[in-house]
Amino acid sequence: MATKTYETQKAAPKEALWNLYTDGASNEEGSGAGLILVSPEDIELTYAARLDFPSTNNEVEYESLLAGLRMAQRVKAKRVKAHVDSLLVENQVRGSYEAKDPKMVEYLRKTQELLRKFEGSEVVHIPRSFNKKKVKL
């Protein structure tokens, strides 16, 4: 399966790349968002949150992406590549899908606003089956 990319700005040097992996889930028992931010030196920062408001899977996917982008800002990342397993989020950010629901419009606006704060940013879709932490032996 080919990986789709969306590059928002001119790329910074490769060595400055931070990789962000996000995931979110929502069901009748609650919602949660998780992320792993990996530095250019391969140091992993992990974050997970349980959301205390009703939300859809798509909203939680955006919440996870926004939290990851904010974390990348806090660590002063200049270039970030966000890996998302939501085709809807990736396509809305890329402009292939139009956000129509007022909540999705606002999530998209906030995401684009944060992406513009980096020297280089990219959002790529990865299949859900590949969106898991790899154990190093």
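The rows are residues; the columns are (1) over 16 Å from Ser26 (Cβ atoms); (2) without any contact (Cβ under 8 Å) to a residue 12 or more places away in the chain.
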site: Val38; (1), (2): yes, no
site: Arg50; (1), (2): no, no
site: Arg70; (1), (2): yes, no
site: Lys78; (1), (2): yes, no
site: Ala82; (1), (2): yes, no
site: Glu98; (1), (2): yes, yes
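When Leu45, Leu20 are screened for being surrounded by 23 or more Cβ atoms within 10 Å (Cβ to Cβ), in contact (Cβ under 8 Å) with a residue 12 or more places away in the chain and part of a strand (DSSP E or B), only Leu20 passes. Is it the case that the stretch 76-87 has a residue that's of a type in the set (S, T, N, Q) and under 25 Å from Leu45 (Cα atoms)? Yes - at least one qualifying residue is present in the stretch 76-87.
Checking the stretch 61-72 against the condition returns a match, with at least one residue being in contact with a helix residue (DSSP H, G or I) (Cβ under 8 Å, 6 or more places away or on another chain) and among the basic types (Lys, Arg).
Against the definition (modelled with pLDDT of 90 or more, outside any strand (DSSP E or B), under 24 Å from Phe118 (Cα atoms) and under 14 Å from the mean Cα position of the chain (by Cα)), how does Leu37 come out, yes or no? Judged against the criteria, Leu37 is not a match. With respect to (1) in contact with a helix residue (DSSP H, G or I) (Cβ under 7 Å, 6 or more places away or on another chain); (2) part of a helix (DSSP H, G or I), the lone exception for Ala82 is condition (2).
Among the residues that make up the stretch 81-94, is at least one of them modelled with pLDDT under 95, under 19 Å from Gly32 (Cα atoms) and small (Gly, Ala, Ser)? Scanning the stretch 81-94, I find at least one residue that is modelled with pLDDT under 95, under 19 Å from Gly32 (Cα atoms) and small (Gly, Ala, Ser), so the answer is yes. Ala77 meets all of the listed conditions (1) buried (at least 17 other Cβ atoms within 10 Å of the Cβ); (2) more than 16 Å from Gly120 (Cβ to Cβ); (3) in contact with a helix residue (DSSP H, G or I) (Cβ under 8 Å, 6 or more places away or on another chain) but one, namely (2).
Could you check how many residues of the stretch 49-65 are surrounded by fewer than 19 Cβ atoms within 10 Å (Cβ to Cβ) and under 21 Å from Pro127 (Cβ atoms)?
Initially, the stretch 49-65 is screened for residues surrounded by fewer than 19 Cβ atoms within 10 Å (Cβ to Cβ), giving 49-54, 56-57.
Still in the running and under 21 Å from Pro127 (Cβ atoms): 56-57.
Number of matching residues: 2.
Determine whether Ser64 is in a loop (DSSP other than H, G, I, E, B) and of a type outside the set (A, V, I, L, M). It is false that Ser64 is in a loop (DSSP other than H, G, I, E, B) and of a type outside the set (A, V, I, L, M).
The values are calculated or read from the model by the stated rules, or taken from the named source; none is laboratory data. Every value quoted in this text rests on a predicted model; they were computed, and no experiment measured them. So basically every Cβ, Gly included, is an ideal-geometry build from the backbone, and we count neighbours across all protein chains shown.
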